[in-house]
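Just below is one structure, and these are the notes that go with it.
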Amino acid sequence: MRNPPLRGPPRFGYLRFVSHSRSAEGATPAMAQWFAAKATAGAALVFFRMGDFYELFHEDAEAASEALGIALTHRGEHQGRPIPMCGVPAHSHEAYLARLIRRGFRVAICEQTETPEEAKARKASTLNREIIRVVTPGTATEEALLDAARPAWLLALVPGGAAWLDVTTGLFHTQRLGGGHGAEPAALIARLAPAEILAEEALGIEGAIPALPPRDAEGRLAAALGAGSLEGFGQFSPAEIAAAAMAVEYVRAVNNGQLPRLSPPVPEGARGVLLLDAATRRSLDILEGPRGASLLAAVDRTLTGPGARELAARLASPLDDLAAIRARHEAVGALREDKVLRGKLRAALKGAPDMARALARISLERFSPRDLGAIRDGLQRAAQLAAGLHGAAPSLLAAAIAPLGAAPATAAELARALAAELPARLEDGGVAAPGYDGELDALRRLRDDARGAIAAMQVELAQAWGIAALKIRHHQQLGYLAEVPSAAGEKLLRAAPETAVGELAPIHRQSMANAHRFTCAALAALDRRLSEAGDQAAKRERLVVAHLRRMILADAEAIAAAAREMAGLDVLSASAELATEGAWCRPELTERPDFAIEAGRHPVVEAALRRARGPAFVPNDCDLSPGRRICLLTGPNMAGKSTWLRQNALMVILAQAGLFLPAAAARVGLVDRLFSRVGAADDLAGGRSTFMVEMTETAAILNQAGPRSLVVLDEVGRGTATWDGLAIATAVLEALHDRIRCRTLFATHFHELTALAEKLPELRLAAMQVREWRGEVVFQHAVAPGAAEKSWGVHVAKLAGVPGPVLKRAASVLASLEARAAAGADPLAAEMPLFARAPVAPAHPALAALATLDLDTLSPREAQEALYNLKALAEGKEAL
């Protein structure tokens, strides 16, 4: 049965597994609570808190046991059948949560909402438990569940609109879909790589959670943002508002009605961002690539998680705004030249905490003391960065000073309030620094003095009971108890010493294998005083922490702005650091349709060669300036065509993202759309062959590319019959030249296309350089003007390890085809050798003579004469 789409009030019945239909009739009180929680959580696994463990039952236990590789046991029976059960420790449950989330599960956390004392006071048979949240890939906030270097986008899609937010940082964006300048869902998904997708079922988005926008989407969204209307946030289409409200309501639902701090939504138009479709992103390996070889990995020199996320965002969404790009280049150039300033900035950034994610956890009351420390330390680092930037000339650097110096009062208060070393949990105490709160200090002294009294009580009881080995230990349920060895305990049970009277009279509490535990009136009174002092100190410290939380949230926007500037500075200083490592140049950006790269290099391949200590990368030029807008590239496989095609596409990504380029010099005219089709792929699940996928992607280019676009095409027409493929490639090339008039790199093995250079005035020929040496092919990986002499396919097949007989036959067929073509005949005629058997060579005379011999009747002399004859025939002489 399908889960219904999410809509309206908070609910949890839209997650991964369908809930079982077993009834709660006859269940124990605790299991009845589990059934109620499961009915609320629906398809989510239920982490059911029982003491120090989160337990899972029934189908949840079976699924989690298999996914986590933990033991599946049974606990009691329900309706005559054993109850499957498994569990994870509460103190380390986040590690197990992370593994389940990565496997695609969603998990409902069902917590104990009262203490045993409170349950006892209301005479309940079991503790009260409630679902406090549902952990999903797009709404998780715990560090263990997140990738520090990647955002955790929750993407909501409706017909005509999209919205995406990151609950860990509060970032919130919307965009129109389809139509004129709207993005396509597939392109947006490829760009964002969201952790979780919500979508209306009509869109047919694979892997998305079915959802519907809430009623009165605009009103609910405005209320969630704390505003009366959306007018102050920008212009949004109804579809954008519906998608944004759908995302917000989902976050509210899985957090049991609670929302994190969200920045106002930013409407994104198509203008201002370089457009790349999903196929282009797959082709260029921008954020992810085989064996980790991606553009991001090759250029990432950031020092912080927020900086790495910002770099990934810039590479995924390069700008199409000349002024903004030049501002980034100016800042990177200044930091490259000013080594001292760059060193100061990177020293302040190294080890800086992730303030944005700490702020999100604080806003959701899901924080630890160390999140408070992250805000304190982050603001201190921000102040250091602001001080280091004073006097910086570039506009981006100067503009960062004010946001970095924001919230000085909060920074000072946190520095005074928080201890230098913070505990992992609030319950552990020691969050507030000594001297910050006088009342807390007094309660701590009382608590610590009472603890010191335990030592005195131990000495007093040891003397009164006559047991030198007596130790006072704390038990979680029973409090402080006097523990004595088994033999001394038996003696004490039989008769207490005369000195053990009154408040010191022993009271037996527990027997163990090797010891007995006792208490007395004096020890019980001391336990109460210690417990009360500790409870009061803990309660006071919680009040101090609540005050600090309110103070941080009051300055949340200023803190978030400082965090954004720190991430931006990390990217700029990292880009400058990258530019100093090698010959990386500042590109000249223009509004004209220029594209001229001098000695360009592929950043990913160059980095891989450097890591492997391989040969140096061979740099190559590329010029698609006006008058030579189209380059037709020929050359054999393995010569470097695909590398050269991709490296020039990546030059546009890097330049418009604000980074320098791996080249000696570069002039790049602003590109509005980038299309790259390099490498073959099929879509078997969608019923599309390799050729169909190629033609679909080619159609998208011909329908969407414009004069400001850059198109990179590799071997158009290769997936069909030779003449059909050649015809298609010719027509595509002519359309790009005559109608679309965009900058184009077009690689092909159809050498017949080179004749188009005579009729297409802006087409230029280029070829990968190859030379032959001692019968072997040497690839020089260099690009030069002109056309390739041949494709060298048989030689590449030899390098790949194709068996010798096959290579020999291929060479024979190739020679015959080339001879027919040279003679002016149709090389693909019906009688071509491709479809003929290999010619049978006449038998050698020596073999014919050997076949006539009857070896069983030959005398020795005759056998000797026969051998001489065979030897003569083998040497080409007449028989003797």
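The values are calculated or read from the model by the stated rules, or taken from the named source; none is laboratory data. Not measured: the values here are computed from a predicted model. We place every Cβ from the backbone using ideal geometry, glycine too, and count neighbours over all the protein chains shown. Please note that ligands, DNA and RNA were not included when accessible areas were found on the heavy atoms of the full protein model with its side chains. Shrake-Rupley method; radii C 1.70, N 1.55, O 1.52, S 1.80 Å.
What do you reckon, is Ala513 closer than 28 Å to Pro116 by Cβ and either open to solvent by 70 Å² or more (accessible area, probe 1.4 Å) or among the aromatic types (Phe, Trp, Tyr) (or both)? So Ala513 passes the test.
Counting just the residues of the range 81-117 that are out of contact with any strand residue (DSSP E or B) (no Cβ under 8 Å at 6 or more places or on another chain) and under 27 Å from Ile209 (Cβ atoms), which one comes out least open to solvent (accessible area, probe 1.4 Å)? Within the range 81-117, the match that is least open to solvent (accessible area, probe 1.4 Å) is Ala98.
A single member of Leu426, Leu397, Leu446 is at negative phi and open to solvent by less than 20 Å² (accessible area, probe 1.4 Å), and it is Leu397.
Where in the range 392-476 are there helices (runs of 4 or more DSSP H), lying fully within it, with 3 or more residues that are in contact (Cβ under 8 Å) with a residue 60 or more places away in the chain? Give the derivation first.
Details: elements: 395-399, 401-404, 408-417, 438-465.
So the answer is 395-399, 408-417, 438-465.
Being among the hydrophobic types (A, V, I, L, M, F, W, C) and either modelled with pLDDT under 90 or more than 40 Å from the chain's Cα centre (by Cα) (or both) is the filter here, so list the residues in the range 732-755 that pass it. Full working, then the answer.
To start, the set of residues in the range 732-755 that are among the hydrophobic types (A, V, I, L, M, F, W, C) comprises 732-733, 735-736, 740, 742, 745-747, 750, 753, 755.
Answer for the range 732-755, where residues must be among the hydrophobic types (A, V, I, L, M, F, W, C) and either modelled with pLDDT under 90 or more than 40 Å from the chain's Cα centre (by Cα) (or both): Phe750, Leu753, Ala755.
Among residues of the range 573-585 that are within 14 Å of Ala657 (Cβ to Cβ) and touching a residue at least 12 places away in the same chain (Cβ under 8 Å), those with a beta-carbon under 8 Å from a residue that is among the aromatic types (Phe, Trp, Tyr) and not in a helix (DSSP H, G or I) at least six positions away or on a different chain give the pairs Ser575/Phe660; Leu578/Trp584; Leu578/Phe660; Ala579/Phe660; Trp584/Phe660. Screening the range 557-631 for strands (runs of 3 or more DSSP E) wholly inside it with 2 or more residues that are at negative phi and crowded, with 18+ Cβ neighbours inside 10 Å returns the ranges 595-600, 620-623.
Can you give me the number of residues within the range 761-813 that are outside any strand (DSSP E or B), of a type in the set (A, V, I, L, M, F, W, C) and within 30 Å of Glu734 (Cβ to Cβ)? Number satisfying all stated conditions: 4. Contact map, the range 153-180: first residue over 11 Å from Thr139 (Cα atoms) and charged (D, E, K, R), second residue open to solvent by less than 10 Å² (accessible area, probe 1.4 Å) and not in a strand (DSSP E or B), Cβ cut-off under 7 Å, separation 6 or more or different chains; pairs are Arg176/Glu240.
For the range 664-696, enumerate the residues that are at pLDDT 80 or above and of a type in the set (Gly, Ala, Ser).
Here is the first cut: in the range 664-696, the ones at pLDDT 80 or above are 664-678, 691-696.
Hits for the range 664-696 are Ala664, Ala665, Ala666, Gly669, Ser676.
The residue of the range 303-361 that is surrounded by the most Cβ atoms within 10 Å (Cβ to Cβ), among those that are under 19 Å from the mean Cα position of the chain (by Cα) and in a loop (DSSP other than H, G, I, E, B), is Thr304. Kindly indicate whether Val712 is closer than 30 Å to Ala323 by Cβ and assigned to a loop (DSSP other than H, G, I, E, B). The answer is no for Val712. If you filter the range 733-748 down to residues that are surrounded by 22 or more Cβ atoms within 10 Å (Cβ to Cβ) and out of contact with any Leu (no Cβ under 6 Å at 6 or more places or on another chain), you find that the one that is nearest to Leu650 (Cα to Cα) is Cys742. Of the residues making up the range 247-277, those that are in contact with a His (Cβ under 9 Å, 6 or more places away or on another chain), assigned to a loop (DSSP other than H, G, I, E, B) and surrounded by fewer than 19 Cβ atoms within 10 Å (Cβ to Cβ) are Gly269, Ala270, Arg271. Being in a helix (DSSP H, G or I) and either open to solvent by 10 Å² or more (accessible area, probe 1.4 Å) or in contact with a strand residue (DSSP E or B) (Cβ under 9 Å, 6 or more places away or on another chain) (or both): is that true of Arg549 here? Taking the combined requirement at face value, the residue satisfies it.
Could you check the range 234-244 and list, in sequence order, the residues that are surrounded by 19 or more Cβ atoms within 10 Å (Cβ to Cβ) and either within 16 Å of Leu192 (Cβ to Cβ) or without any contact (Cβ under 8 Å) to a residue 40 or more places away in the chain (or both)? If you could, list the steps in order and put the result at the bottom.
Of all residues in the range 234-244, those surrounded by 19 or more Cβ atoms within 10 Å (Cβ to Cβ) come to 236, 239-244.
Once the filter is applied, which keeps residues that are surrounded by 19 or more Cβ atoms within 10 Å (Cβ to Cβ) and either within 16 Å of Leu192 (Cβ to Cβ) or without any contact (Cβ under 8 Å) to a residue 40 or more places away in the chain (or both), the range 234-244 yields Glu240, Ala243, Ala244.
Of all residues in the range 371-394, those satisfying the criterion of being under 15 Å from Leu569 (Cβ atoms) and open to solvent by less than 50 Å² (accessible area, probe 1.4 Å) are Gly378, Leu379, Ala382, Leu385, Ala386, Gly388, Leu389, Ala392, Pro394.
What about His78, is it modelled with pLDDT under 90, under 21 Å from Ala24 (Cβ atoms) and surrounded by 17 or more Cβ atoms within 10 Å (Cβ to Cβ)? Yes, satisfied.
Listed by first and then second residue, the pairs with beta-carbon distance under 9 Å, at least 6 apart or on different chains, first residue in the range 754-774 and within 17 Å of Asn620 (Cα to Cα), second open to solvent by 100 Å² or more (accessible area, probe 1.4 Å), are Arg764/Pro785; Leu765/Pro785; Ala766/Pro785; Ala767/Pro785; Ala767/Glu789; Val770/Glu789.
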